[in-house]
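Colleague: The structure that follows is given in the form of structure tokens.
Just so it is clear, none of the values below were taken in a lab; they were calculated from the coordinates. This structure is a prediction, so every number in the text was calculated from the model and none was measured. Quick reminder, even Gly has a Cβ in these numbers, built from the backbone with ideal geometry, and neighbours come from all protein chains shown.
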Amino acid sequence: MRIYVSRGLPADLMTRLRAAGNVTCPDRAAPPTEADLLNELPGHDAAVVQLTDPMSAAVLEAAAPTLRLAAQIAVGLDNIDELAAARHGVAVTHTPGVLTDATADLTMALMLAACRRVVEADRFVRAGRWDVWSLDLMTGMELRGATLGILGRGRIGRAVAHRAEAFGMRIQHTSRTSGIPLQELIRTSDVLSIHAPLTTGTWHLIDQRALMAMKPGSVLINTARGPLVDELYIAEALETGPLRAVGLDVFEEEPRVHPSLLNRGDVVLLPHIGSATDRTRHRMASMAVEAVEALAAGEPLPHRAPR
């Protein structure tokens, strides 16, 4: 069996893949382009891919004569044309569940950083601007007693709610099957934390109208998917609208960030590190390897993505 790895994995996982078949792993640091995949992927039986790898319809068609598995090192499948994969008989696996705690922890870190102006205060000190303590120096929002709105009550949303309760926050939520209406969640939450999946129905779910309808002095946190929020209007909602601060780990056109956000002290920006703990990232990659090993052994594929 021939196995394609778009970018290198930890040494122990590469050893496992080599035990399962012949491995092709181009020597690159940057993600492959569509042209790279069109050139490199055909002839392989399995591919270990990441969110940055464009597994388009064209790529899947080119690889289809042999490709049987796309093992994604992520929960989301935004980069994979799932209809094309199904059409060409390519199974898709992903990494559900394993990154729940890491992402929930990161959400709380972003929430605290945005509400308590942690990054802004750090820059203030480093710039030598702190010359005296004062009663109103870097005041922010206290979490105890604040209302946290959870948009999307899946695994991560529930884990964030559990953590936030320990901080004394009041929890409310909306999801596809339960909770309060979205408009009410937006209007009444002191902190709105987004944990919904990206679909055609949730693209720009938080648009200009929603941003301007948020509670005065509120904070927006997004660790889910960038396109759920229309970045174009975030700065406006901070300058002339209700927002106090924003914390973002995901963006519409990663790694590009809207220029209006880059120099703002009231915006905390992170490079999509919700799952970035040593243990979680290794487990995610290991789950992809498990799928390849199962394919090589003729066993049922674990971690198959729902269709």
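Colleague: Please arrange PHE251, PHE167 by counting, for each residue, the other beta carbons lying within 10 Å of its beta carbon, fewest first.
Modeller: PHE167, PHE251
Colleague: Given only helices, namely DSSP H runs of n ≥ 4 each adding -39500 (n - 2.57), what is the per-residue ellipticity at 222 nm of the chain, to the nearest 500 deg cm²/dmol?
Modeller: So the helix-based figure for the chain works out to -10000 deg cm²/dmol.
Colleague: Okay, moving on. Please list the equivalent ellipsoid semi-axes of region 22-121, computed as the square roots of five times the alpha-carbon gyration tensor eigenvalues, in descending order and whole angstrom.
Modeller: 34, 15, 12
Colleague: Still on this structure, I have one more. I'd like to know which of ALA62, LEU13, CYS115 lies farthest towards the positive end of the charge dipole of the chain, counting +1 on Cβ of Lys and Arg and -1 on Cβ of Asp and Glu.
Modeller: Result: CYS115.
Colleague: Mind putting a number on the dipole of the chain about its Cα centre? Charges go on the C-beta only, +1 for Lys and Arg and -1 for Asp and Glu, and I need it in Debye to the nearest 20.
Modeller: Dipole magnitude for the chain comes out near 740 debye.
Colleague: So, with +1 on the Cβ of K and R and -1 on the Cβ of D and E, and no other charges, what is the size of the charge dipole of region 100-269 about its Cα centre, to the nearest 20 debye?
Modeller: 420 debye
Colleague: Any idea what angle helix 278-297 forms with the longest principal axis of the chain, computed on alpha-carbon atoms, 0 to 90 degrees, nearest 10?
Modeller: On a 0 to 90 degree scale, this one is about 20.
Colleague: Please get the size of the charge dipole for region 47-118, origin at its Cα centre, with Cβ charges of +1 on Lys and Arg and -1 on Asp and Glu, quoted in debye to the nearest 20.
Modeller: For this selection, approximately 180 debye.
Colleague: If you plug each phi of region 178-194 into the Karplus form 6.51 cos²θ - 1.76 cosθ + 1.60 with θ = phi - 60°, what whole-Hz ³J(HN,Hα) values come out, in order, with x for Gly and Pro?
Modeller: So the J values, rounded to whole Hz, are 7, x, 8, x, 4, 4, 5, 4, 4, 6, 10, 8, 6, 10, 10, 10, 9.
Colleague: In addition: So who's got an amide H within less than 5 Å of the one on GLN72, skipping anything under 5 residues away but keeping other chains? H placed 1.01 Å off N, in plane.
Modeller: VAL49, THR93, HIS94
Colleague: Here is a follow-up. If you average the sequence gap of Cα pairs under 8 Å that are 6 or more apart and divide by the length of region 100-269, what percent do you get for the contact order?
Modeller: So the answer I get is 22 percent.
Colleague: A further question follows. Considering all projection directions equally, how large on average is the shadow of the alpha-carbon convex hull of the chain, in square nanometres?
Modeller: The orientation-averaged projected area of the Cα hull of the chain comes to 17.6 nm².
Colleague: Another one. Which angle between 0 and 90 degrees, to the nearest 10, do you get for helix 11-20 versus the longest principal axis of the chain when only C-alpha atoms count?
Modeller: Taking the Cα atoms of the chain, the angle to 11-20 is about 30 degrees.
Colleague: Can you compute 3J(HN,Hα) from phi for each residue in region 80-85, using the Karplus curve 6.51 cos²θ - 1.76 cosθ + 1.60 with θ = phi - 60°, rounded to whole Hz and x for Gly and Pro?
Modeller: 10, 6, 5, 5, 5, 4
Colleague: Could you work out the Kirkwood radius for region 164-266, taking every pair of different alpha carbons, averaging 1/r and inverting it, reported in Å?
Modeller: Radius from the Kirkwood sum: 14.0 Å.
Colleague: Please list log₁₀ I(q)/I(0) at q = 0.10, 0.16, 0.19 Å⁻¹ for region 39-189, using the Debye equation with identical point scatterers on the alpha-carbon positions.
Modeller: So the normalised log intensities work out to -0.60, -0.92, -1.05.
Colleague: Kindly state, to the nearest 0.05, the FRET efficiency for ASP78 paired with ASP122, given R0 = 41 Å and r defined as their beta-carbon distance.
Modeller: After rounding to 0.05, the efficiency reads 0.80.
Colleague: Now, a different point. How do LEU148, LEU77 rank when sorted from fewest to most other Cβ atoms within 10 Å of their own Cβ?
Modeller: LEU77, LEU148
Colleague: Short version: ³J(HN,Hα) in whole Hz for each residue of region 118-128, in order, from phi by Karplus 6.51 cos²θ - 1.76 cosθ + 1.60 (θ = phi - 60°), x for Gly and Pro, what are they?
Modeller: 5, 5, 4, 5, 4, 5, 4, 5, 4, 7, x
Colleague: Residues with amide H under 5 Å of THR147's amide H, sequence separation 5 or more or different chain, H placed in the peptide plane at 1.01 Å from N; which?
Modeller: ARG170, ASP190, VAL191
Colleague: Let me ask something else. Run through the DSSP bridge list for region 100-269 and note the antiparallel percent, rounded to the nearest 5.
Modeller: 10 percent
Colleague: Treating the angle as unsigned and between 0 and 90°, give the value, to the nearest 10°, between the Cα long axis of helix 155-166 and the longest Cα principal axis of the chain.
Modeller: Roughly 30 degrees, rounded to the nearest 10.
Colleague: Same structure, new question: Kindly put SER286, SER193 in sequence by how many other C-beta atoms sit within 10 Å of each C-beta, fewest to most.
Modeller: SER286, SER193
Colleague: Just the projected area, averaged over all directions, of the convex hull on the alpha carbon atoms of region 206-247: how many nm²?
Modeller: Value for region 206-247: 2.5 nm².
Colleague: Still on this model: Of all DSSP beta bridges in the chain, what percent run antiparallel (nearest 5)?
Modeller: Antiparallel: roughly 10 percent of the beta bridges in the chain.
Colleague: Measuring from centroid to centroid over Cα atoms, what is the spacing of region 272-307 and region 176-255 in Å?
Modeller: Between the Cα centres of region 272-307 and region 176-255 lies a distance of 30 Å.
Colleague: Oh, and also: Do you know the relative contact order of the chain, to the nearest whole percent, from alpha carbon pairs under 8 angstrom that are 6+ apart?
Modeller: Result for the chain is 17 percent.
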